[in-house]
Amino acid sequence: MNNPAIIRINPLDNVAIATAIGGIGKGDSVVSGIVAIEDIPMAHKIALCDVHPGDSIIRYGYKIGTANRFIPVGSWVQEQMLETPEAPSLDEIKYSAPIPNPVEQLQGFTFEGYRNEDGSVGTKNILGISMSVHCVAGFANHIITRIKNELLPSYPNVDDAIALSHTYGCGIAINAPAAIIPIRTLHNLARNPNLGGEILVLALGCEKLRPEKITGEEAESDILYMQDESLTGFEEMMQAALQMAERHLKKLNARKRETCPISDLIVGMQCGGSDAFSGISGNPVAGFAADLIVRAGGTVLFSEVTEVRDAVEQLVARAADEEVAAKLINEMKWYDDYLGRGNADRAANTTPGNKKGGLSNIVEKALGSVVKSGSMPIVDVVSPGDRIKKKGLQFVATPASDFVCGTLQLAAGMNLHVFITGRGTPYGLAMVPVIKISSNTKLASRWHDLIDFDAGPVASGEKTIEAMGWELFQLMLDIASGKKKVATDVLGLYNELALFNPGPLT
């Protein structure tokens, strides 16, 4: 009889997670007196006691569902055996100021970054070409190819040239209330620290979204209109764009990395392709590192409204003050209404891959997801497309879609990204380094050249969350400094930006 490893997070839990790569075999003894009565795959749940219809299924010390049938001890607890609880009522959540819990501030940690004129700091040095309408996307991509082939070799201090492509700009209700979200997102994307303040916009000329809304108060000369009647033929447009790009490349090439305090780091936390290990290893390790960044004076962003909605009471309890608590609840209400208009709810978030990885429903997923935010007070809540205004831990309200979330975190000012996965994803962003963390060693071994950091040793008991959190913290500083490269940068694996546009099309 084998004794496969399991993890029980909280003494109240009546289920545990199978941690061995081979899972649990029928007849295996998992703990004294409990024998598996069927095969249970890795990352899935085993019942630690008899569960009767109507009983709560407990994981992380919280109710993740109600049993809809008898589940004998030693059984594989599967999705269809649980009824998902109702989401917490936002109107009934009461805020109480958290009891002060002073933590030691970290001193002396720095990284090497690119200082911008506005005081922000980049971890990359990139020429970004924004655009006001999707009509010019082909033109933008052609320009980027020419820049990389003809210009970049002469500017060795510039890391890359990228197009901030999107499908917005025309055929839209430009004055609809929700239109502010994609518009301010595009404006703030162009201000991302890794673009060095060099704003260059390609426009058509007749679009609804005027390119001046992207540049803000920047000079008109930073905008190239394809419909400019002084330009004849495609090559003449191309030469005008290349000349404009070269002016910006000269400025970017003059920049050098300099020693910066961690207060200049803005780290976005995100998870995707999650499994049951995500809340055990990957997210807790990322959360510990997040606390270190905040303790050193830096900023950490976490997001994904539908993935925190069922744990919102935990987050409200961490709000720094009543205003932050109210902003958190208001963002949740806005998103509840948004989903309701589409006849959907937060339960639609959980994917087939999540379920195959052992996550039964959105409640279980949410309880594991919030852990990546660490334990520090939440000092502010940022609406979709807005830019951060404070230092410290902040909730950036975004959909859970990897690509939309990443785009909105970029608009908020993110200059370093941490992405935790249990199932695996090639997700990457050209604008910032994306540190890919695996929640289990099985994935890290199989995707050895796609994963940057394996948190699996926490699940196997080989290392502690604290030890791995410090390892991740140091890796973050090395990557922010350009001393190491993430896999997506080595391989050139990048996703397109994806705007969140809840407004109507016309």
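Which is of a type outside the set (Phe, Trp, Tyr) and either closer than 28 Å to residue 457 by Cβ or at pLDDT below 95 (or both), of 75, 56, 96?
So the residue among 75, 56, 96 that is of a type outside the set (Phe, Trp, Tyr) and either closer than 28 Å to residue 457 by Cβ or at pLDDT below 95 (or both) is 96.
Name the strands (runs of 3 or more DSSP E) wholly within the range 244-323 that hold at least 2 residues that are surrounded by fewer than 24 Cβ atoms within 10 Å (Cβ to Cβ)?
258-261
Out of all the residues in the range 160-182, which are closer than 24 Å to residue 117 by Cβ and either surrounded by fewer than 23 Cβ atoms within 10 Å (Cβ to Cβ) or in contact (Cβ under 8 Å) with a residue 60 or more places away in the chain (or both)?
Correct list: 160, 161, 162, 164.
In this structure, does residue 210 turn out to be among the charged types (D, E, K, R), under 22 Å from residue 121 (Cβ atoms) and touching a residue at least 24 places away in the same chain (Cβ under 8 Å)?
For residue 210, the condition - among the charged types (D, E, K, R), under 22 Å from residue 121 (Cβ atoms) and touching a residue at least 24 places away in the same chain (Cβ under 8 Å) - is not met.
Quick check: anything in the range 329-339 of a type in the set (Lys, Arg), out of contact with any Lys or Arg (no Cβ under 7 Å at 6 or more places or on another chain) and either assigned to a loop (DSSP other than H, G, I, E, B) or touching a residue at least 60 places away in the same chain (Cβ under 8 Å) (or both)?
yes
Please list, ordered by first then second residue, the pairs with beta carbon atoms under 7 Å, 6 or more apart or interchain, first in the range 67-88 and among the aromatic types (Phe, Trp, Tyr), second assigned to a loop (DSSP other than H, G, I, E, B) and modelled with pLDDT of 95 or more.
Short answer, once both residue conditions are applied: 70/52; 70/53; 76/38; 76/44.
Specify the residue that is surrounded by the most Cβ atoms within 10 Å (Cβ to Cβ); the eligible residues are those in the range 426-471 that are of a type in the set (A, V, I, L, M, F, W, C) and in a strand (DSSP E or B).
Among them, the one singled out is 437.
How many of the residues in the range 200-238 are under 30 Å from residue 115 (Cα atoms) and either outside any loop (DSSP other than H, G, I, E, B) or touching a strand residue (DSSP E or B) at 6+ places or on another chain (Cβ under 7 Å) (or both)?
Within the range 200-238, residues that are under 30 Å from residue 115 (Cα atoms) and either outside any loop (DSSP other than H, G, I, E, B) or touching a strand residue (DSSP E or B) at 6+ places or on another chain (Cβ under 7 Å) (or both) number 14.
If you go through the range 436-445 one residue at a time, do you hit one that is farther than 30 Å from residue 58 by Cα and modelled with pLDDT of 95 or more?
yes
Need the failing condition index for residue 79 against (1) touching a Lys or Arg at 6+ places or on another chain (Cβ under 6 Å); (2) surrounded by fewer than 19 Cβ atoms within 10 Å (Cβ to Cβ); (3) more than 30 Å from residue 276 (Cα to Cα), just the number.
(3)
Among 233, 216, 196, 205, which is the only one that is free of Cβ contacts under 8 Å to residues at least 40 places away in the same chain and within 27 Å of the chain's Cα centre (by Cα)?
Being free of Cβ contacts under 8 Å to residues at least 40 places away in the same chain and within 27 Å of the chain's Cα centre (by Cα) holds for just one of 233, 216, 196, 205, which is 216.
On the basis of being more than 21 Å from residue 352 (Cα to Cα) and at pLDDT below 95, does residue 34 make the cut?
Criteria met by residue 34.
Residue check, residue 403 against (1) out of contact with any helix residue (DSSP H, G or I) (no Cβ under 7 Å at 6 or more places or on another chain); (2) crowded, with 23+ Cβ neighbours inside 10 Å, all met but one. Which one?
With respect to (1) out of contact with any helix residue (DSSP H, G or I) (no Cβ under 7 Å at 6 or more places or on another chain); (2) crowded, with 23+ Cβ neighbours inside 10 Å, residue 403 is out only on (2).
Looking only at the range 340-352, count every residue that is assigned to a helix (DSSP H, G or I) and either of a type in the set (Phe, Trp, Tyr) or farther than 14 Å from residue 78 by Cα (or both) and tell me the total.
Residues that pass the stated criteria total 6.
Of all residues being touching a residue at least 24 places away in the same chain (Cβ under 8 Å) and among the hydroxyl-bearing types (Ser, Thr, Tyr) in the range 89-110, which is surrounded by the fewest Cβ atoms within 10 Å (Cβ to Cβ)? Just the residue, please.
Residue satisfying both the conditions and the ranking: 96.
Do the conditions hold for residue 173, that is, is it modelled with pLDDT under 95, over 12 Å from residue 129 (Cβ atoms), of a type in the set (A, V, I, L, M) and within 27 Å of the chain's Cα centre (by Cα)?
No.
The values are calculated or read from the model by the stated rules, or taken from the named source; none is laboratory data. No experiment lies behind these values; they were computed from the predicted model shown. We place every Cβ from the backbone using ideal geometry, glycine too, and count neighbours over all the protein chains shown.
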